[in-house]
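Take a look at the structure below.
Every number in this text was worked out from the coordinates using simple rules, so none of it is lab data. This structure is a prediction, so every number in the text was calculated from the model and none was measured. Neighbour counts run over all protein chains shown; Cβ positions are idealised from the backbone, glycine included.
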Amino acid sequence: MSAMSLLLASLVLSAAGGTLALLTRRTGTVSKSISCIVGATAALLSSAAGIIAMVVPSQSISFAGAFPFAAFSILLDPLSGLLVTVISILAFAAWVYGISYFDDYLQFGIGSIGFFMNMFIASMLLVVIVDNAFWFLVFFEMMSLTSFFLVIVEQDEASIRGGFLYLVMAHIGFIMIMISFFIMASMAGSFDFSAFRDLHLSAPVASLCFILAFLGFGFKAGMMPFHSWLPLAHPAAPSNVSALMSGGMIKIGIFGIVKVAFDLLGASGGQVWWGIVVIAFGAVSSVLGVVYALAEHDVKRLLAYHSVENIGIILIGVGVALVGWALGLPVVAGIGLMAALYHLLNHAMFKGLLFLGAGSLLHSVHSRNMEIMGGLSKVMPVTALCFLIGALAISAIPPLNGFVSEWFTYQALFDAAMGGGVLIKVVAGAAAVALAITGALAVTCFVKAYGVTFSGVPHSEAARNAKEVPGPMRFSMILLAVLCIFLGVGAPVVAPVMQGVASSLLSGSTVAVTSGTALVNVGGTSMVDTSLMALILLATIGFSIGLRALLAKGGTKVCDRAWACGYEPDSSMTMAPSSFAASVKLFFPRLYRMRDQLTAACLRVGSFFFGAIGTARKVEPIGDKYLVDSTISLVDSIGEATRRVEGGDSRVYILYIVAALVFFLVLVALM
C-alpha cells in the first residue's frame with residue numbers, strides 16, 4: 001500500500017474507534033479496550049505512512065468541496081511525513097499505555113476519553129497533511145477543542161482552570177494564524193496552499209504574514225512569553241495525553257512556523273531579521289524554561305516547563321535556518337533546519353517517555369509531588385531505568401538522541417557566525433551561550449528529578465508501598481527508551497533522512513552530515529561518532545563492574561548507616577527538591593517574579609473572557625425580556641381570555657350560535 005492509502009486507512013480507523021468508544025460508553029472496560037486496540041492499530045498504519053513519506057516523493061489528492069474555497073486537498077510530503085511519524089509513534093505508545101493506565105479513569109467516562117483522544121490524534125494528522133487554508137483552520141480548531149476536553153476530564157477546579165486558560169491562549173493564536181492566511185488568500189484569490197506558494201508578496205506584506213503566523217503558532221508551541229498554559233494544562237490531563245500534547249501537539253506550532261516561512265512564503269523570500277527574532281525568542285524560551293523547571297516539585301509541571309525549554313532549542317535552529325536562507329548561505333540554512341527538525345523528533349521521543357514515566361509515578365504513588373517520593377528505583381526498576389534514559393536524553397548526554405540534535409544546533413550557530421556579519425556573529429554567539437546555560441541547568445534539574453524521586457529512601461508511606469506498573473505501561477516506556485537510544489546511536493542513519501526533509505524545504509540544497517559512522521560539521525573540522533561513544537561507554541561500565549567485583553572478592557563487605565554529623569539519620573535529612581533549586585532562585589529572583597507576573601497576566605486575560613461571558617449572559621435576555629417574553633405574555637393573555645369563553649357547556653355554545661345568527665341578520669338588515 002502507498003503512504004497515502006495507509007494514512008487514509010488510519011484516519012478511518014480513528015473515526016471508527018472514537019464512534020465505537022461512545023457507543024460502548026456504558027461498559028467502561030469494553031470501551032477502553034476498543035479505544036486502545038483500534039487506536040493503536042490506526043497509529044501503526046499512520047507510523048508506516050509517515051516513515052515512507054519522509055523518503056519518497058510527495059503525494060497529493062484533492063476532492064471538490066461544497067464551496068469553491070473549500071476544496072479538500074491533502075499533501076503528504078517529507079515535512080508532513082515527519083510530523084505524521086512523530087504523532088503516530090507517540091499515539092501508539094499512548095494507546096498501549098492506556099490499556100492499564102485508563103483503569104484509573106473509568107469513573108470519568110472512558111467512552112468520552114476514547115472518543116476525544118481518537119479525534120484529537122486524527123485532527124493533528126489532518127492539520128499537518130491538509131493543503132488548504134480553510135480546512136487547516138477547521139482541523140486546527142478541532143485539535144484545540146478535543147485536547148481541551150481531554151485536559152478537563154477530571155472536572156476539578158485545577159483542570160478546568162488550566163483547560164480554560166489553554167483554550168483562551170489557543171484561540172488568540174488561532175485568530176493571528178487566521179488573519180495571516182486571510183491576507184495570503186486575498187492576494188492569491190484562493191485558499192489553496194498551492195496558490196500561496198506562487199505568491200510574490202512585497203517585503204512589508206510578507207513580513208506581516210510571517211509575524212502573525214509566528215506569534216500565532218508560538219501560542220500553540222508554548223514559547224515564551226505565551227507559555228503559561230503549559231504548566232497548568234499538562235498536569236491536569238491524563239499522562240499519556242500529556243505525552244501526546246507535549247511531544248506531538250506543540251510541535252504543530254513549530255510545523256506551522258516552518259511551513260509558513262519556507263513553504264508558503266518561499267517565493268517571496270525571507271529576511272534576516274525574521275531569523276534574528278526567532279533566535280531571540282528561542283534563546284529566551286530555552287533559558288527561562290529550564291530555570292522555571294528547576295523550582296518545581298510537581299513532576300508534570302517540571303516536565304511542562306522543559307517543553308518550553310526544548311521549544312526554544314528548536315526555534316534557535318529554525319532561526320539560524322532563516323538567517324542562512326535570507327543571506328544566501330544554503331549550508332547554514334540546511335544545517336540549522338536539519339538540527340531543528342532532528343530536535344523536534346528527539347524531543348517528542350524523550351518527552352513522551354518522561355511523561356509516561358510521570359504517569360507511572362502517579363499510578364503507583366498517587367501523587368505528582370516529588371517531595372513524598374524517594375527510593376522508587378528498588379520497587380519500580382523498569383520505570384526508573386526508562387526515566388533515567390529520558391533524563392539523560394533531555395540533558396543532552398552522549399550518546400543519546402538529545403546530544404545529537406543539540407550538537408548539530410551548536411554547529412549551525414558556529415557556521416552562521418562564521419558566514420554572517422557582525423550582527424549575526426553577536427546573535428549567534430549569544431544564542432550559543434544561552435544553549436550552554438540551558439544544558440548545564442537541564443543536567444542540574446534532572447539530577448534533582450531523578451535523584452529525589454528514585455534514589456535514597458522513601459519519604460512517605462505511599463512511596464514505601466509503591467509497586468511496578470503493569471506490563472502495557474512498561475512496554476510503552478521501553479519502546480520510547482529504545483527509540484531514544486536508536487536516534488542517538490543510530491544518528492548516522494537518521495541524520496541524512498532529517499537532512500533530506502530539510503532540503504525538501506530549501507530548494508533541494510543538500511548538506512553532507514555524515515562520514516561513515518561519524519557525524520561531521522560542514523567544514524569537516526570536527527566529527528563525533530555516537531556508535532563509538534556507546535561502545536566506549538558500555539566498555540567503561542563493564543570494566544567498572546568487573547573491577548568492583550574483583551576488589552570485593554575475598555574481602556568483607558561492611559554496610560553501615562550514613563554519617564549524619566552525630567545525629568540519628570532519618571528521611572528528613574535526605575536531599576529535597578527545593579534544595580536543588582535554592583541557589584538558582586537566589587541568583588534569578590527577578591526571573592521568577594517575571595514568571596509570576598506573566599502567569600497572572602494570562603490569567604487576567606482568562607478572567608476578562610469570564611467577565612465577557614458574564615456580561616453576555618446579562619445582555620442576552622434583554623431581547624427575550626422585551627420582545628419575545630412580552631409577545632408571549634400577550635398571546636397567553638389572549639389565550640386565557642379565549643379559554644374563559646369556552647365553558648364546556650353545550651347550552652352556552654348554542655347560545656353563542658343563536659347570538660351570532662341574530663348579529664348577522666341585523667347586519668344584513670342594516671345593509
Worksheet, complete the sentence: By Cβ neighbour count within 10 Å, fewest first, Tyr342, Tyr567, Tyr166 rank Tyr567, Tyr166, Tyr342
Worksheet item: Using 0.36 nm per residue, how much length does the chain from Val138 to Ala512 gain when fully extended, once their Cα-Cα distance is taken away?
Response: 130.7 nm
Worksheet item: Add -39500 (n - 2.57) for each DSSP H run of 4 or more in the chain, then divide by its residues: what number comes out at 222 nm, to the nearest 500 deg cm²/dmol?
Response: -25000 deg cm²/dmol
Worksheet item: Hey, what's the Cα Rg ratio for the stretch 330-481 versus the globular rule of thumb, 2.2 N^0.38 Å?
Response: 1.26
Discussion item. Can you give me the C-alpha center-to-center distance between the stretch 417-482 and the stretch 128-164, rounded to a whole angstrom?
Written reply: 27 Å
Worksheet entry | Most positive-pole-ward Cα, Leu354, Leu106, Ile250, against dipole of the chain from beta carbon charges | Leu354
Worksheet entry | Set Lys351/Lys378; Lys300/Lys448; Lys300/Lys351 screened for pairs whose C-alpha atoms are more than 18 Å apart | Lys351/Lys378
Worksheet item: In nanometres, what is the gap between the two model label sites at Leu661 and Ile478, each 7 Å from Cα along Cα-to-Cβ?
Response: 9.9 nm
Worksheet item: Thr514's amide H: which non-local residues (gap 5+, or another chain) put their own amide H closer than 5 Å, with H modeled 1.01 Å from N in plane and none for Pro or chain starts?
Response: Val520
Practice prompt. Can you bin the stretch 425-485 into rounded, prolate or oblate? Criterion: square roots of the alpha carbon gyration tensor eigenvalues sorted a ≥ b ≥ c, rounded for a/c under 1.5, prolate for a/b above b/c, oblate for the rest.
Written response: oblate
Discussion item. Sort 448-455, 107-114, 119-126 by the packing proxy (mean of other Cβ within 10 Å over each peptide's residues), most packed first.
Written reply: 119-126, 448-455, 107-114
Discussion item. Suppose the chain between Phe108 and Ile536 were pulled fully straight at 0.36 nm per residue; how much longer would it get relative to their current alpha carbon spacing?
Written reply: 149.2 nm
Worksheet item: Quick one: Cα convex hull volume of the stretch 375-456, Å³ per residue?
Response: 64 Å³
Response to the item:
Length gained, Gln155-Tyr653, 0.36 nm per residue minus C-alpha separation, equals 173.2 nm
Discussion item. 7 Å from Cα along Cα→Cβ at both Leu23 and Cys565: what's the point-to-point distance in nm?
Written reply: 6.8 nm
Worksheet, complete the sentence: Restricting to Cα pairs under 8 Å and 6 or more apart, the percent relative contact order of the stretch 74-163 works out to 31 percent
Item to complete: Can you bin the stretch 92-194 into rounded, prolate or oblate? Criterion: square roots of the alpha carbon gyration tensor eigenvalues sorted a ≥ b ≥ c, rounded for a/c under 1.5, prolate for a/b above b/c, oblate for the rest.
Response: oblate
Item to complete: Take the Cα of Lys467, step 7 Å along the line toward its Cβ, and report every residue of the stretch 347-369 whose backbone nitrogen sits under 16 Å from that point.
Response: 360-366
Discussion item. As a footprinting exposure proxy, order Thr19, Thr146 by other Cβ within 10 Å, with the fewest listed first.
Written reply: Thr19, Thr146
Discussion item. Quick check on the stretch 324-382: what does the Kirkwood estimate of hydrodynamic radius come out to from the alpha carbon pairs, in Å?
Written reply: 14.5 Å
Discussion item. Just to confirm the number: angle between the C-alpha axis of helix 203-221 and the first principal axis of the chain, 0 to 90 degrees, nearest 10?
Written reply: 80 degrees
Worksheet item: With r defined as the distance between the Cβ atoms of Met418 and Thr631 and R0 fixed at 45 Å, what FRET efficiency is calculated, to the nearest 0.05?
Response: 0.05
